[in-house]
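The block underneath contains the structure these notes are about, expressed in structure tokens.
The values are calculated or read from the model by the stated rules, or taken from the named source; none is laboratory data. All values derive from a computational prediction rather than experimental measurement. All Cβ positions, even for glycine, are placed from backbone atoms using ideal geometry, and neighbour counts span all protein chains on display. For the accessible areas, the whole protein counts, side chains as well, though only heavy atoms, and no ligand, DNA or RNA atoms are used. Shrake-Rupley method; radii C 1.70, N 1.55, O 1.52, S 1.80 Å.
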Amino acid sequence: TERFLGGLTGNWRPASWLSTRATLGYDVTNRQDLQFWPTGQVADYLENRAGLKYDNRFQISQTSVDLAASGRFKLSDALGSKTSVGTQFYRDFASGTFTTGRGLPAGSETITGAGSTEARDTTIESRSLGMYVEQEFAIKERLYVTGALRFDDNSAFGENFDATVYPKASVSWLVSEEPFFSREGFLSTLRLRAAFGVSGQQPGTTDALRYFSPVSGKRGGVANTGITFGSLGNRDLKPERSRELELGFDASIVQDRVSLEFTYYNKKTRDALIQRTVAGSSGTSEFQFFNLGEVSNTGAEL
């Protein structure tokens, strides 16, 4: 395996209240997988005694672009504001070739000259584009209120489904900064927090696509080719959608000698992506993905 990871970040501050950032990332892996059984050098009862070699080669890459800008404003002595906008682009690309040689000449370590050879290839690509806007208010630097919207589109979404919107909101109150809070007691600091957000999980790269797979064979010494269903696809396929509520607090006690964090969460996921079996009598692919399931979980972390 050979891997290269590269990143480039630029920051620009055109005004005292405005900061911008651009980040580019590239991660590429070149991989070769080899399996080799020398001719005549394995046990007699193994089918690979006549010699077998697999040579599979892949290139896998991820490209990312992240652009963001934030503006900070002092609306009054007691009220501060931070507005952020940004866009993100991701591209995943993978290609590979699979080659097999069976029945190798004695002493040979290459597929060339094998009694029979097989080869196939694969290419998978997915792209996603997201944009967001976020607004945060700080009141007397002790109460923080944030709201945001994110718009996401992905090449794996079904043809009949457009981009989706994910909202979020949170509030955090630093109670220990209030005049009525006494630091002489058991509690040294106390922050109360609550958050609500929606997120999503996109389908697999080709889950929504209807496509065919090639097949080949020989009859009477003549090669014949054709196609069969690779996947039925689903034009209505959309991402799983999760809604989560979190409540909690952060505190320190005994004059800041001990810190304590508590979080309660309640999460529900709808439109879970489920692979459903297709009746064999339909003469199509064996499985098809649908948005069918619902998953919920709740718990506490201390």
Study note, to complete from the structure: In segment 193-220, residues that are loosely packed, with under 15 Cβ neighbours inside 10 Å and assigned to a strand (DSSP E or B) total 10
Practice item. Working only within segment 9-50, note down all residues that are in a strand (DSSP E or B), without any contact (Cβ under 8 Å) to a residue 12 or more places away in the chain and open to solvent by 80 Å² or more (accessible area, probe 1.4 Å). Key: ASN11, TRP12, ARG13
**Study point:** Subset of segment 123-144 (residues that are more than 14 Å from PRO167 (Cβ to Cβ), in contact with a Phe, Trp or Tyr (Cβ under 8 Å, 6 or more places away or on another chain) and of a type in the set (A, V, I, L, M, F, W, C))
**Key:** ILE124, LEU129, PHE137, ALA138, LEU143
Check your understanding: Within segment 119-152, can you find the residues that are touching a Leu at 6+ places or on another chain (Cβ under 9 Å), open to solvent by less than 70 Å² (accessible area, probe 1.4 Å) and in a strand (DSSP E or B)?
Key -> TYR132, VAL133, GLU134, ALA138, ILE139, LEU143, TYR144, ASP152
Check your understanding: Is segment 54-61 home to any residue that is open to solvent by less than 60 Å² (accessible area, probe 1.4 Å), closer than 24 Å to GLY147 by Cα and assigned to a strand (DSSP E or B)?
Key -> no
Exercise for review: Taking the residues in segment 225-251 that are among the polar types (S, T, N, Q) and farther than 19 Å from ASP121 by Cα as candidates, determine which candidate is surrounded by the most Cβ atoms within 10 Å (Cβ to Cβ).
Suggested key: ASN234
Practice item. Hey, could you check segment 273-295 for residues that are among the polar types (S, T, N, Q) and open to solvent by less than 80 Å² (accessible area, probe 1.4 Å) and say which is farthest from the chain's Cα centre (by Cα)? Key: SER282
Review point. ASN160 passes all but one of (1) touching a residue at least 60 places away in the same chain (Cβ under 8 Å); (2) surrounded by 14 or more Cβ atoms within 10 Å (Cβ to Cβ); which number fails?
Key: (2)
Exercise for review: Test ALA148 against the criterion of being within 21 Å of the chain's Cα centre (by Cα) and modelled with pLDDT of 90 or more, and give yes or no.
Suggested key: yes
Practice item. For segment 256-272, enumerate the residues that are basic (Lys, Arg) and surrounded by 13 or more Cβ atoms within 10 Å (Cβ to Cβ). Key: LYS267, LYS268, ARG270
Point to revise | Options LEU52, LEU8, LEU24; residue that is within 30 Å of ALA114 (Cβ to Cβ) and either of a type in the set (A, V, I, L, M, F, W, C) or touching a Leu at 6+ places or on another chain (Cβ under 9 Å) (or both) | key: LEU52
